Every structure is written in C-alpha cells, then in structure tokens.
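Here the structure is laid out as structure tokens; the discussion comes afterwards.
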C-alpha cells in the first residue's frame, strides 16, 4: 500500500534520512521509533509531500507520488500534498481555533468540492465514529488535549484517505487518557482498514502497536519488522538502539497487575509495566527504561512524582543548536540540551563531577531483565 525506497534527505549538509526503505501493507500500523533527531518527523513529512527529499521513491496505493534518482537535478515526479490523498496530523493539533469542530471537519471537504449533502452526511459519520457527537459545536479551545487529538484525526480521515500519518499522537496527552485512546484508535483503524504510519518516543506505544516497528538511528533504518514482546523485554540493546536508557533495578513490591515499587536512584518509585510481560515479583530484577528527552535538571512541575537519578557530567558541548551536556547514567551515555540559565544553575549543584537529573515517573517504564545480556 505504501512503499518507500532509498529515501534520503539532508538539511544544510546534515543527513537526516539516509537511504530509508520500507513497506506498509493495507490496514497495517507502522510505528516509527528512534532517538531525538533521528529523522522520524522528516520521514513523515517527505511522505506527505511537505518536505522534498534529496532522492528516493514513494508510492501510495500503487500511485507514484515522488521519484528522484541520485544525481538528478529535479524530481521526475513530485505530487503536491493535496494530490497524494494522505491524512497528516502533526505533533501539535492542527485545528483552526476560529472554527468549531464541525467547521474544522467541513473545511477539507469543501476544498475538495464535496456537495452540501455529502458534507453533512460525512460529518455526522465522523462525529459518531469518533465519539464526538456532543462536541460538534465547540471550539478547539474548549476541548481537552485528548479530544483535540481525536478531532484532528477525524479531520485527517474526513476525505477517506487510504494512508494516515501521525506524528507522536499521544505525546501531549496524560497517561490515563493516552491508554484509553490507544485502544480506541486501534479499533477505529482496524474498522476503517486505513494504513497508519506513526512516530513515537513512548515505549508503551512500541509495546502496544508492535506488529510493525521501524527503528531509525542517525537517519538509517536499523530495524524493520515485528517487535514481539519477548524481544523487547530480553534486549537492553534494542531499547538503547531506539533511544532509551535502561537501568538495572530491583522490584520492591508489586501493585496490582501493572504497577510496581522499585529501588532506583535516591529512593523508591512507583512505575508502570506491561502486564503481558508478567515480570513482576517481589525482589525480582528488572530494567527501568527512561527516555532521555524527558530528563531535566529540575523536578518537573506537572505529571507524577519525579524520579531523581544521579548522572556523571563528562563535558559541556557548545554546538550551533545550543549547549549540550554529555552525561552518563548508570554507565549509559546520553546528551542533553540545556540553555544558558540552566547551565548557570547546574554549576551550583555539580558535586564531584556528578549532577542530579529528574524525570516524571509517567515517563519511565519497567521491563524484564531476563536475558539482559542477549544479543537483541
């Protein structure tokens, strides 16, 4: 249904996508994962026609929408976004604030020349299938983040595109709503038979939508296929390859079917795990998985209780994009962006080359430590 062959893109001489190739079958959900700045969003925008690649081939439903061979000065085929018939939802919802939800759904249909009767009928269908009937006359500013995301997806689906692109659809949604929306969207996408390609930085998304995972590192595809649960929980290498830090911890107490108290950092914290993994046992060994993109030098203002981790500060790097801290957490190296004012504060808390780092417990995850030294 979707075919991408040899797609490459650079910005100012820096390669963002390097010879990316993959296929997505009809009705399949592909999850694109990777560290920060690994080329995930650029890949989606290239498919949507919002960014022109340096070269490569893109086919949607057998229709050639982009083709440019290496060495060509100009693409042989480069259809504009509106001719590709693709639904695209960026990280920040794309609703027009001055239009009601009903008006937002109507706009792309009017632009495509739909009749008044067909527009009204389609809007009724969308509001019903998305569970948004009571919100049709509300404005985006009156909706929660979860409802805004549902409305954005409804608009992207309004003209029945065969392909839907979602850029980190759950990142701005609280954990409870996030879990509910995953279930809703999975049922919806299967019912509609739409092909979905979505980026994420959340491990829960990878576990939930794991039938087809595309992992990018430095713009290259390093994994393409099903990521079964056993492979996730048995391979810290896979976790780190996808941009996560995995820290060995001990389970102090199991709570219910999907939470546990573990000893980590300076104390004990409560974290979630996937109940399918059946990993929880008092005194058991596990891996605390952290997305370094959520680490900060100060406790988070919002979210669950902060987790305090101690890091070794190796160096401070002044790049074109700003200051970066090269740190190690439990021997795992990562680079964190900071601003000048944060750096001034850091100098007051560095002790013996070590600094405290914080992350909200909603952004950590627990997986099995069995097979910790496997090849992955």
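Values quoted throughout were computed directly from the atomic coordinates according to the rules given, and no laboratory measurement underlies them. The structure displayed is predicted, hence computed values, not measured ones. Because the Cβ atoms are built from the backbone with ideal geometry, glycine has one as well, and the counts that use them run over all protein chains shown.
Descriptive notes on the structure:
- Pair residue 36, residue 268: separation of 7 Å Cα→Cβ label points (nm): 3.2 nm
- The label-point distance for residue 191 and residue 61, in a model that sets each label 7 Å from Cα toward Cβ, rounds to 2.1 nm.
- Length gained on full extension, residue 250 to residue 184: 20.4 nm, using 0.36 nm per residue less the C-alpha separation.
- Over every Cα atom in the chain, the radius of gyration and the widest Cα-Cα span, Dmax, amount to 22.1, 71 Å.
- Nearest 10 degrees, 0 to 90: helix 101-111 Cα axis against the chain principal axis: 50 degrees
- Sorted on the mean count of surrounding Cβ atoms within 10 Å across their residues, most packed first, peptides 342-348, 29-35 read 29-35, 342-348.
- Simple spin-label estimate for residue 172 and residue 316 gives 3.2 nm between the two label positions (7 Å along the Cα-to-Cβ direction from each Cα).
- Between 0 and 90°, nearest 10: helix 175-192 axis offset from the chain longest Cα axis: 40 degrees
- Cα long-axis angle, helix 145-157 against the chain (0 to 90 degrees, to the nearest 10): 40 degrees
- Residues residue 96 and residue 25, FRET efficiency given R0 of 30 Å [Cβ-Cβ distance, rounded to 0.05]: 0.35
- Dmax and Rg, reported as Rg then Dmax, of segment 2-225 (C-alpha, Å): 17.5, 54
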